[in-house]
1. Kindly provide the set of residues from region 60-103 that are among the hydrophobic types (A, V, I, L, M, F, W, C), touching a strand residue (DSSP E or B) at 6+ places or on another chain (Cβ under 7 Å) and in a loop (DSSP other than H, G, I, E, B), ordered by number.
2. Just one of F136, F124 is surrounded by 16 or more Cβ atoms within 10 Å (Cβ to Cβ) and of a type in the set (F, W, Y); which is it?
3. Return the residues of region 104-157 that are within 14 Å of ligand 1 (Cβ to nearest atom), assigned to a helix (DSSP H, G or I) and under 30 Å from A45 (Cβ atoms); say none if nothing qualifies.
4. Quick one: which of E131, E101 is buried (at least 18 other Cβ atoms within 10 Å of the Cβ) and either at pLDDT 95 or above or more than 16 Å from ligand 2 (Cβ to nearest atom) (or both)?
5. Count, please, the residues in region 59-78 that happen to be within 13 Å of ligand 1 (Cβ to nearest atom), surrounded by fewer than 17 Cβ atoms within 10 Å (Cβ to Cβ) and touching a residue at least 60 places away in the same chain (Cβ under 8 Å).
6. Look at I110 and say whether it is more than 14 Å from the chain's Cα centre (by Cα) and in contact (Cβ under 8 Å) with a residue 12 or more places away in the chain.
7. Could you check region 226-235 and list, in sequence order, the residues that are without any contact (Cβ under 8 Å) to a residue 40 or more places away in the chain and either touching a strand residue (DSSP E or B) at 6+ places or on another chain (Cβ under 9 Å) or within 16 Å of ligand 2 (Cβ to nearest atom) (or both)?
Amino acid sequence: MCINIAEDILPFINKNTYSEVIKMEKLDLLYVGKAKKVFSTEDPALCIFEYKDDATAFNGLKKGSFDGKGIINNQMANFIFRLLEKEGIKTHLVEELSPRETLVKKVDIIPLEVIVRNIAAGSFSKRYGVEEGTPFVSPTLEFSYKNDELGDPLINDYQAIALGVVTREDIDTISDIAFKVNEGLKKIFMNIGIKLVDFKIELGRTADGEIVLADEISPDTCRLWDAETNKKLDKDRFRLDLGEFGDVYREVWGRLTEYYGR
Ligand SMILES: Nc1ncnc2c1ncn2[C@@H]1O[C@H](COP(=O)(O)OP(=O)(O)O)[C@@H](O)[C@H]1O
Ligand SMILES: [Mg+2]
């Protein structure tokens with residue numbers, strides 16, 4: 001039997017109509033990333049994300065994709081950002097323009113990946129010899145220096161300050177936001193029967209110097225385990241060749257929309 005891909009994706013396309021008021025056009029292609037393309041707009045303070053279906057792992061060495069990934073991640077990231085905004089967290093989000101495209105405030109990305117962990121997994125388990133699945137007494141916070149050529153090496157706050165990337169005050173602000181996001185996300189996912197193992201966020205400075213949550217939050221950037229079975233519902237399915245890669249993204253998105261409505 002022939003499966004129609006468009007039909008397969010259809011349930012995940014936002015049923016709401018998109019704003020007729022905001023009609024921003026994509027101008028120059030500013031950046032082609034691993035998961036998104038970034039375009040300029042007529043307003044220098046705004047840019048447009050176009051999510052791709054691509055997946056990469058191990059610093060781009062492993063490549064894959066599934067049809068509709070960009071559509072799910074775009075909508076899921078925006079959905080989660082809106083929920084976090086209700087918790088008082090400021091984000092770059094302006095408006096979802098289409099199933100794949102979103103208007104965001106253009107920020108100067110702080111070149112740190114900010115990682116919060118609640119349960120040991122991945123590189124933490126390996127580096128410190130802690131069995132995967134071991135819950136922490138309190139959440140951990142770590143930074144890696146955003147640099148593809150160097151493979152995003154770990155960096156501590158003193159090193160980041162020494163490099164002039166951030167000030168001590170910025171580190172305090174970033175840490176505060178990261179732990180707030182953790183509390184918000186834990187709640188969001190707990191409500192849909194999912195454990196938040198860990199996640200990575202990126203932050204940036206808006207034109208008026210405020211540090212806000214940027215980039216995306218999706219199963220590409222979080223480790224999510226089913227609360228009952230511990231089944232992995234995130235990009236680890238691709239990293240570790242566990243199969244059902246697209247299925248688990250659709251599962252998480254389905255649970256979110258079912259619980260919270262659209
Ligand atoms: N609001 C924003 N303004 C400008 N750049 C952003 C914003 N949010 C995220 N970015 C950057 O845009 C790029 C998004 O594309 P992505 O495919 O995720 O790239 P990468 O391959 O570097 O992970 C990233 O480099 C990210 O740091
Ligand atoms: Mg990225």
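1. Answer for region 60-103, where residues must be among the hydrophobic types (A, V, I, L, M, F, W, C), touching a strand residue (DSSP E or B) at 6+ places or on another chain (Cβ under 7 Å) and in a loop (DSSP other than H, G, I, E, B): I89, L97.
2. Result: F124 is the single residue among F136, F124 that is surrounded by 16 or more Cβ atoms within 10 Å (Cβ to Cβ) and of a type in the set (F, W, Y).
3. D148, E149
4. E101
5. 2
6. Considered against the rule, which asks whether it is more than 14 Å from the chain's Cα centre (by Cα) and in contact (Cβ under 8 Å) with a residue 12 or more places away in the chain, I110 comes out as yes.
7. The answer is D226, A227, K231, K232, L233, D234.
Condition check ((1) outside the structural domain of F79 (by TED's automatic domain parsing); (2) more than 20 Å from the chain's Cα centre (by Cα); (3) within 16 Å of ligand 2 (Cβ to nearest atom)) across all residues:
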position	(1), (2), (3)
F124	yes, no, no
E149	yes, yes, yes
N156	yes, yes, no
D170	yes, yes, no
T173	yes, no, no
A178	yes, no, no
K186	yes, no, no
K200	yes, no, yes
V212	yes, no, no
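The values are calculated or read from the model by the stated rules, or taken from the named source; none is laboratory data. This one's a predicted model, so the numbers in the text were calculated from it and none came from an experiment. Here the Cβ is made from the backbone with ideal geometry for all residues, glycine too, and neighbour counts use every protein chain on show.
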